[in-house]
Amino acid sequence: MATRIALVTGGSSGIGKACAQALAYQGFHVILCGRRRLPLEQAALEISADGGGVEAVACDVSRPVEVESLFTTIEERHGRLDLLFNNAGISAPAVLMDELPVEEWLRVVEINLTGAFLCTRAAFSLMRRQKPRGGRIINNGSVSAHAPRPFSAPYTATKHAITGLTKSTSLDGRAFDIACGQIDIGNAATDMVKPMQAGILQANGSLAAEPAFDVGRVGEAVAFMAKLPLDANVQFMTIMATKMPYIGRG
């Protein structure tokens, strides 16, 4: 069986790195994408040391020219793409929306939404042209799209939009054997989540510590979605810390 090729955006640390490790363990050749070359290369070295096939390609997913170059490189080197994990994302300062600079809003939209669209657009094109055709796209959503945190309008809005992108891609991809699903993650233990374990603002105005779970479990979940045959699809999956204040939040 030919080696399957996977692209993970935002792959130098946290959820992206954990998912890249899990995919490499499952036999994928993983292309790590991110804005900063040195952390990408370090992550690639660590995954390679564990026996995984991996390479690093620097790319800002919010820039159309860089995304086009990334996918040209993938096609020239490998001839195909079997999996895209749209993981790259940022948040904005936690302030009231009328205190948020418009530039901050636009930057979150550029990375979280436009970046995911640009990568999806390029992957869709390659997947429907390659032989055998088809592939899988997995989008990193968020439980925040269902139960937002205070002062999170840019992040929450883009994650709602990701769900729309997931559904549209899933529908439009049917004719070309392109499956698209989404994973919504709550409190995976990454550097971004560490402050929540000390205390974070709740909807009622209080501060409360929130439990987290091993980010490796996210990698396992994405790998499960990724290795399904293309006639089956996990449309939406939620993975979260069992005791986080999500169900009943607010």
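The values are calculated or read from the model by the stated rules, or taken from the named source; none is laboratory data. Being a predicted model, the structure only gives us computed values, none of them experimental. Positions of Cβ are generated from backbone atoms using ideal geometry, with glycine treated the same way; all protein chains shown enter the neighbour counts.
Does the range 198-212 hold any residues that are loosely packed, with under 11 Cβ neighbours inside 10 Å and in a strand (DSSP E or B), and which are they?
The one that is loosely packed, with under 11 Cβ neighbours inside 10 Å and in a strand (DSSP E or B): Leu207.
Take the conditions within 16 Å of Lys243 (Cα to Cα), surrounded by 15 or more Cβ atoms within 10 Å (Cβ to Cβ) and out of contact with any helix residue (DSSP H, G or I) (no Cβ under 7 Å at 6 or more places or on another chain) and apply them to Val215. Does it pass?
no
Being crowded, with 22+ Cβ neighbours inside 10 Å and part of a helix (DSSP H, G or I) narrows it down to one of Pro154, Pro195, so name that one.
Among Pro154, Pro195, only Pro154 is crowded, with 22+ Cβ neighbours inside 10 Å and part of a helix (DSSP H, G or I).
Hey, could you check the range 99-145 for residues that are in a helix (DSSP H, G or I) and modelled with pLDDT under 95 and say which is nearest to Ala203 (Cα to Cα)?
Filtering first and then ranking leaves Ser144.
So Pro229 clears everything in (1) in contact with a Phe, Trp or Tyr (Cβ under 7 Å, 6 or more places away or on another chain); (2) of a type outside the set (Asp, Glu); (3) modelled with pLDDT of 95 or more except one condition, right? Which one?
So the condition that Pro229 fails would be (1).
Of all residues in the range 204-231 being of a type in the set (Asp, Glu) and in contact (Cβ under 8 Å) with a residue 12 or more places away in the chain, which is nearest to Lys194 (Cα to Cα)?
Glu210
Determine whether the range 154-163 contains at least one residue that is among the aliphatic types (A, V, I, L, M), closer than 30 Å to Pro93 by Cβ and in contact with a strand residue (DSSP E or B) (Cβ under 8 Å, 6 or more places away or on another chain).
yes
Taking the conditions exactly as written (surrounded by fewer than 21 Cβ atoms within 10 Å (Cβ to Cβ) and either free of Cβ contacts under 8 Å to residues at least 24 places away in the same chain or among the polar types (S, T, N, Q) (or both)), does Arg133 satisfy them or not?
no
Could you tell me which of the residues Ala2, Ala24, Ala43, Ala18 is small (Gly, Ala, Ser), farther than 18 Å from Cys119 by Cα and in contact (Cβ under 8 Å) with a residue 40 or more places away in the chain?
When all the criteria are applied, what remains is Ala18.
Of all residues in the range 20-56, how many are surrounded by fewer than 17 Cβ atoms within 10 Å (Cβ to Cβ) and touching a Lys or Arg at 6+ places or on another chain (Cβ under 6 Å)?
0
Looking only at the range 27-40, decide whether some residue is over 21 Å from Gly89 (Cβ atoms), in contact with a Phe, Trp or Tyr (Cβ under 6 Å, 6 or more places away or on another chain), outside any helix (DSSP H, G or I) and in contact (Cβ under 8 Å) with a residue 24 or more places away in the chain.
Scanning the range 27-40, I find no residue that is over 21 Å from Gly89 (Cβ atoms), in contact with a Phe, Trp or Tyr (Cβ under 6 Å, 6 or more places away or on another chain), outside any helix (DSSP H, G or I) and in contact (Cβ under 8 Å) with a residue 24 or more places away in the chain, so the answer is no.
Suppose we filter Gly141, Gly134, Gly115, Gly164 for residues that are out of contact with any Gly (no Cβ under 6 Å at 6 or more places or on another chain), small (Gly, Ala, Ser) and on the phi > 0 side of the Ramachandran plot; which single one remains?
Every option except Gly134 fails the conditions.
In the range 181-192, which residue that is in contact (Cβ under 8 Å) with a residue 60 or more places away in the chain and surrounded by 20 or more Cβ atoms within 10 Å (Cβ to Cβ) is nearest to Ile137 (Cα to Cα)?
Ile185
What number of residues within the range 91-113 are touching a residue at least 60 places away in the same chain (Cβ under 8 Å) and touching a Lys or Arg at 6+ places or on another chain (Cβ under 9 Å)?
Looking only at that region, the number is 2.
Here are some residues: Glu68, Glu76. Which one is in contact (Cβ under 8 Å) with a residue 24 or more places away in the chain, surrounded by fewer than 17 Cβ atoms within 10 Å (Cβ to Cβ) and assigned to a helix (DSSP H, G or I)?
It is Glu68.
Of all residues in the range 132-146, which are within 18 Å of Asp231 (Cβ to Cβ) and not small (Gly, Ala, Ser)?
Pro132, Arg133, Arg136, Ile137, Ile138 - these are the residues of the range 132-146 that are within 18 Å of Asp231 (Cβ to Cβ) and not small (Gly, Ala, Ser).
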